[in-house]
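**Student:** Please see the structure below; I have some questions.
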Amino acid sequence: MTKAHPLASIVPMEAKLVDALPEEEGWSYEPKWDGFRAIVSRDRDAIKIMSKSGKSLARYFPEVVALLVATQQRKFAVDGELILPVAGIVSFDALQARLHPAESRIKRLSIETPAQLMLFDCLSVADKVLLDRPFSERRQKLEQFHANEGNGALLLSANTSDLAIARGWLKHGGGALDGVIAKQASAPYQPGDRAMLKVKQRRTADCVVGGFRRSRDGPLVASLLLGLYNEEGKLSHVGFTSALANEDKAGLTAQIETLIEAPGFTGKAPGGPSRWNNGRESEWHPLRPELVVEVRYDQVTGDRFRHGTAFVRWRPDKAPKQCRMDQLQHELRPSQLTDLQTG
């Protein structure tokens, strides 16, 4: 049996969520790519791609395994992110679709929509372990590794000490970025510790309330279903917000019950089995599109908020028809990766 790299199962260094990037000297900033975090290693013929939870991802990404087999360096361990562009857009859903039991499906998808590996830290090269070395030195080793091995699928993440550039990534990075990471240039790699800082993308959109769901244990509203008008002028479901104050729910329920009217959404509608409701269809009630709410969101996948949104405020001053899809900041296109790489 081939022996794996000594660092193959190391627990990745984590990041602590903060509201703003640190401004003091000595910090290094890089994009936090929206993909699968992975510790990737090679020890001669032993290739490992380990998820943050310690599970192997290698069988789901055979094209990445082939990429690692082709490297000239036969022993290394790096920290990175698996990302996957589909139809010109980096897609998290396409990554999730790879976690499938059928080998034939995985093989087909690996050819049709090959994944890429974005590198952002170097844990060892050859027989030299770098965990106790400062990030500035590890970054230099990573750049040398990429200079020798990099290609269109083995990518080097951007890195800067310029705070203005890092703030620009937050503003313009789109859905390809989960945020921006800050690392102390002098700090070692600290497995399992929240030794980095992360600022997540926080953007807002004005949405039409096209429906609602009630609480499981009573008639009060539990969540508002959000919609935006598409290019055809149809109201499509884009997500939800359940961040409603308990003391407001009775009054809000009474208000929106006067607006119950089909169809609510005239484009894409909510409903159907969901991983969040154990495969059961969740009942929802359509509303006349009269209420507008501002919500805060982090990621967009396709034309939907990937996660639940945070309630910001009601917008009685805004007409529902003004709430259009063009508000959303979509996923970054691979052709824009170079722009982020250079800042």
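The values are calculated or read from the model by the stated rules, or taken from the named source; none is laboratory data. It should be emphasised that the depicted structure is a prediction, and the values quoted were computed from it without experimental measurement. Methodologically, a virtual Cβ is constructed for each residue, glycine included, from the backbone with ideal geometry; neighbour enumeration extends over all protein chains shown.
**Student:** Looking at ILE10, is it part of a loop (DSSP other than H, G, I, E, B) and farther than 19 Å from LEU170 by Cα?
**Tutor:** It is true that ILE10 is part of a loop (DSSP other than H, G, I, E, B) and farther than 19 Å from LEU170 by Cα.
**Student:** Considering only residues that are assigned to a helix (DSSP H, G or I) and touching a residue at least 40 places away in the same chain (Cβ under 8 Å), look in the stretch 79-101 and name the one that is farthest from PHE36 (Cα to Cα).
**Tutor:** Residues of the stretch 79-101 that are assigned to a helix (DSSP H, G or I), as a first pass: 92-97.
If we keep only those that are touching a residue at least 40 places away in the same chain (Cβ under 8 Å) as well, we get 92-93, 95.
On the way: PHE92: 8, ASP93: 11, LEU95: 8 Å.
Per the stated criteria, the residue is ASP93.
**Student:** So which of LYS48, LYS3 is assigned to a strand (DSSP E or B) and either outside the structural domain of LEU123 (by TED's automatic domain parsing) or more than 21 Å from PRO188 (Cβ to Cβ) (or both)?
**Tutor:** Values: LYS3 fails: assigned to a strand (DSSP E or B).
Testing whether each residue is assigned to a strand (DSSP E or B) and either outside the structural domain of LEU123 (by TED's automatic domain parsing) or more than 21 Å from PRO188 (Cβ to Cβ) (or both) leaves just LYS48.
**Student:** Scan LEU244, LEU228, LEU224, LEU235 and give me the residue that is touching a helix residue (DSSP H, G or I) at 6+ places or on another chain (Cβ under 9 Å), outside the structural domain of MET50 (by TED's automatic domain parsing), over 14 Å from PHE265 (Cα atoms) and in contact (Cβ under 8 Å) with a residue 12 or more places away in the chain.
**Tutor:** Working: LEU228 fails: over 14 Å from PHE265 (Cα atoms); LEU224 fails: over 14 Å from PHE265 (Cα atoms); LEU235 fails: over 14 Å from PHE265 (Cα atoms).
Only one candidate qualifies: LEU244.
**Student:** I'm told ALA262 meets every condition in (1) among the aliphatic types (A, V, I, L, M); (2) at pLDDT 95 or above; (3) farther than 25 Å from ASP298 by Cα except one. Can you identify the failing condition by its number?
**Tutor:** For ALA262, the failing item is (2).
**Student:** Kindly check whether there is at least one residue in the stretch 62-73 that is aliphatic (A, V, I, L, M), at pLDDT 95 or above and in a loop (DSSP other than H, G, I, E, B).
**Tutor:** Pass one, the stretch 62-73, residues aliphatic (A, V, I, L, M): 64-70.
After this cut, where a residue has to be at pLDDT 95 or above as well, the list is 64-70.
Checking which are in a loop (DSSP other than H, G, I, E, B) leaves us with 70.
For the stretch 62-73, residues aliphatic (A, V, I, L, M), at pLDDT 95 or above and in a loop (DSSP other than H, G, I, E, B): present.
To keep it simple, each residue is scored yes or no on (1) within 19 Å of the chain's Cα centre (by Cα); (2) of a type in the set (D, E, K, R); (3) closer than 18 Å to ILE106 by Cα; (4) crowded, with 18+ Cβ neighbours inside 10 Å.
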position	(1), (2), (3), (4)
SER41	no, no, no, yes
ASP45	no, yes, no, no
LYS48	no, yes, yes, yes
VAL65	no, no, yes, yes
PHE76	no, no, no, yes
ASP79	yes, yes, no, yes
ILE89	yes, no, no, yes
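**Student:** Of the residues LEU117, LEU123, only one is in contact (Cβ under 8 Å) with a residue 24 or more places away in the chain, assigned by TED's automatic domain parsing to the domain that holds GLY26, under 21 Å from ASP45 (Cβ atoms) and under 23 Å from the mean Cα position of the chain (by Cα); which?
**Tutor:** Residue meeting the stated conditions: LEU117.
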